[in-house]
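The values are calculated or read from the model by the stated rules, or taken from the named source; none is laboratory data. Here the structure is a predicted model, which is why all the values come from computation and not from measurement. All Cβ positions, even for glycine, are placed from backbone atoms using ideal geometry, and neighbour counts span all protein chains on display.
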Amino acid sequence: MSHIPDDEPIDTVEVAPGVELRVIRRGGDLPGAPFLLVHGLASNARLWDGCADALAALGHPSVAVDLRGHGRSSKPDAGYDFATITADLAALIAAEPLDRPVIVGQSWGGNVVVELGVSHPGLVRGVVAVDGGTIELQDRFDTWDEVEAALRPPSLIGTASSRMLAMMRAGHPDWPHSGIAGAMANFEHLPDGTIRPWLTLDRHLMILRALWLHRPSERLRQLEVPLMFVPADSGAAAWTHDKEASIERAAASLHVPYRTEWFRPADHDLHAQFPDRLAALLHGATTDGFFV
């Protein structure tokens, strides 16, 4: 299994004037259905390393991407709304080119790929929302101030890289190496041995505000391509119940084929925790006629 060191030269694709997205390509000549792999908020493309390797072993090419503001991609001061983020991805699909990929997004990225599927249905053959896609913060918070107070990220600037690595390993003892390495790639590793998140606080909050305004319940009913939900049951009963309810509401409004495949138990970053299992699930959906 090949994993890309964080200090290797990177490939980028220009998707808008002055905006380049870092991409990690695998299996470009393989015959299977292609995948576009989209990370969550404050994450990065390398969380998909294990899953992308497993997809390649099953015959599928893939492109994992650092969205704007994240990882090794450009970090403009604006453009963190859903319309701009999805326009970036539409431009990426055209530039690669990817032949109607299955678009897979985790967490906030799940909402992003739902939006992309609605706004550009001709570009994709299906949508997969991994523990996301139905995130509707307006159901939980009445005001933006409440969202910011509850979900503002902790400051990690200045944390020793070795300490963060130890915390990652202790917090995720069952994750494979690819998941731990991918999570550590969420940070810039500085010469003094400390880290800082690639996604700055101001950009994080812009994305969070856009997520608060996003209404996937209204967008899902406009979807024209098949949809798969892959939620994680973390063991928190109330949170899992909320996910079950939101997926049931979404399913009732859909006019396209859909599936729900729970990972129980699983972490929110189930793509990092169970890369082979997720890849097998995605592969199966392209060979049994669900995504055609």
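Structural remarks
- Selection status of L156, of a type outside the set (S, T, N, Q) and out of contact with any strand residue (DSSP E or B) (no Cβ under 9 Å at 6 or more places or on another chain): no
- Taken together, the residues in segment 106-135 that are more than 19 Å from G32 (Cα to Cα), among the β-branched types (V, I, T) and surrounded by 24 or more Cβ atoms within 10 Å (Cβ to Cβ) amount to 5.
- Count of segment 28-61 residues which are farther than 30 Å from L151 by Cβ, modelled with pLDDT of 95 or more and small (G, A, S): 6
Per-residue answers, yes or no, for (1) in contact (Cβ under 8 Å) with a residue 60 or more places away in the chain; (2) out of contact with any Lys or Arg (no Cβ under 7 Å at 6 or more places or on another chain):
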{"residue": "M167", "(1), (2)": "no, yes"}
{"residue": "G171", "(1), (2)": "no, yes"}
{"residue": "P176", "(1), (2)": "yes, yes"}
{"residue": "G179", "(1), (2)": "yes, yes"}
{"residue": "F187", "(1), (2)": "no, no"}
{"residue": "G193", "(1), (2)": "no, yes"}
{"residue": "W198", "(1), (2)": "yes, yes"}
{"residue": "R215", "(1), (2)": "yes, yes"}
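- Filter pass, H268 being under 15 Å from T134 (Cβ atoms) and within 18 Å of the chain's Cα centre (by Cα): yes
- Count of residues meeting criterion [surrounded by fewer than 17 Cβ atoms within 10 Å (Cβ to Cβ) and either modelled with pLDDT of 95 or more or of a type in the set (D, E) (or both)] in segment 223-244: 3
- Residue selected from segment 250-268 under the condition farther than 15 Å from G126 by Cβ and in contact with a strand residue (DSSP E or B) (Cβ under 7 Å, 6 or more places away or on another chain), by the criterion surrounded by the fewest Cβ atoms within 10 Å (Cβ to Cβ): A251
- Residue match in segment 175-198 (condition: of a type in the set (D, E) and either closer than 13 Å to A272 by Cβ or surrounded by 16 or more Cβ atoms within 10 Å (Cβ to Cβ) (or both)): no
- Being of a type in the set (A, V, I, L, M) and closer than 16 Å to R203 by Cα is a description that applies to L67.
- Qualifying residue in segment 116-139 (condition: free of Cβ contacts under 8 Å to residues at least 60 places away in the same chain, in contact with a Phe, Trp or Tyr (Cβ under 8 Å, 6 or more places away or on another chain) and of a type outside the set (K, R)): no
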